[in-house]
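Take a look at the structure set out below.
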Amino acid sequence: MKKIISIIAAISITLLAILMISSNQKTTNVQAATKSPGKVLVVYYSNSGTTEDAAKKIQKKTGGDLIKLRMSPDYPSNYDKLTKVSKRQIDKNIHPEILNKINMKKYDTILLGFPTWYQRPPMFINTFFEKYNLKNKTVVPFSTSMSSPMKVNRPYLKKMVKGKKVNLQTGFRANSSKAINKYLKNHNLLK
């Protein structure tokens, strides 16, 4: 009889512990899903206007500050010249200068927008991660491309943030209002 009582007591304690752990995990998941993104910055570069349109939509929906990156030298507006310059930068590992002075200390979440060129982020994205201290910041990349999904940029972005303690998110392709809304809603980034 003592054995049976001991077994029942052990089972009861085990079940109680499992219920407490399960309840704690559900609370943690709810807190993570509802965590505020804090102060938001939408920073982008656009050559043709496509990424700028996406950035403005994102800014409107998040309520974040909006900054267009300026380069030196500036990229040519002529498509043929642009492709030559961007390919040369990739081939020679040239990181163009970003002229903006941005106080990143006041932001918690940075949505970083860029076009995808040659199946990768443009070389100024390397400069972005080199120039600004983004330690403990959440960076959400978004790209515009007619053919390349965001995932082609991921290996390059991961390499750029390695060792910098940046919370790099998967990001999204921002080619439509529907894609923008879906990502922002699913990641609690709407204002």
Can you tell me how many residues within the range 80-116 are touching a Ser or Thr at 6+ places or on another chain (Cβ under 8 Å) and hydroxyl-bearing (S, T, Y)? 2
Tell me yes or no: at least one residue of the range 72-87 is among the aromatic types (F, W, Y) and free of Cβ contacts under 8 Å to residues at least 40 places away in the same chain. yes
When you scan the range 165-188, do you find a residue that is surrounded by 17 or more Cβ atoms within 10 Å (Cβ to Cβ) and at positive phi, even just one? yes
Is it true that S145 is within 26 Å of G63 (Cα to Cα) and modelled with pLDDT under 95? yes
Exactly one of (1) loosely packed, with under 14 Cβ neighbours inside 10 Å; (2) under 26 Å from S36 (Cα atoms) is unmet by E130. Its number? (2)
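Do we find that T138 is surrounded by 17 or more Cβ atoms within 10 Å (Cβ to Cβ) and farther than 21 Å from D53 by Cβ in this structure? Talk me through it step by step, then tell me what you get.
Values: surrounded by 17 or more Cβ atoms within 10 Å (Cβ to Cβ): yes; farther than 21 Å from D53 by Cβ: yes.
Against the criterion (surrounded by 17 or more Cβ atoms within 10 Å (Cβ to Cβ) and farther than 21 Å from D53 by Cβ), T138 qualifies.
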Of all residues in the range 71-108 being within 25 Å of the chain's Cα centre (by Cα), surrounded by fewer than 12 Cβ atoms within 10 Å (Cβ to Cβ) and of a type outside the set (D, E), the one that is farthest from V40 (Cα to Cα): N93
Report yes if K60 is within 25 Å of K185 (Cβ to Cβ), surrounded by 10 or more Cβ atoms within 10 Å (Cβ to Cβ), at pLDDT 60 or above and in the same structural domain as S145 (by TED's automatic domain parsing), otherwise no. yes
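The values are calculated or read from the model by the stated rules, or taken from the named source; none is laboratory data. Bear in mind that the values here come from a model prediction, so they are computed numbers and not experimental data. Positions of Cβ are generated from backbone atoms using ideal geometry, with glycine treated the same way; all protein chains shown enter the neighbour counts.
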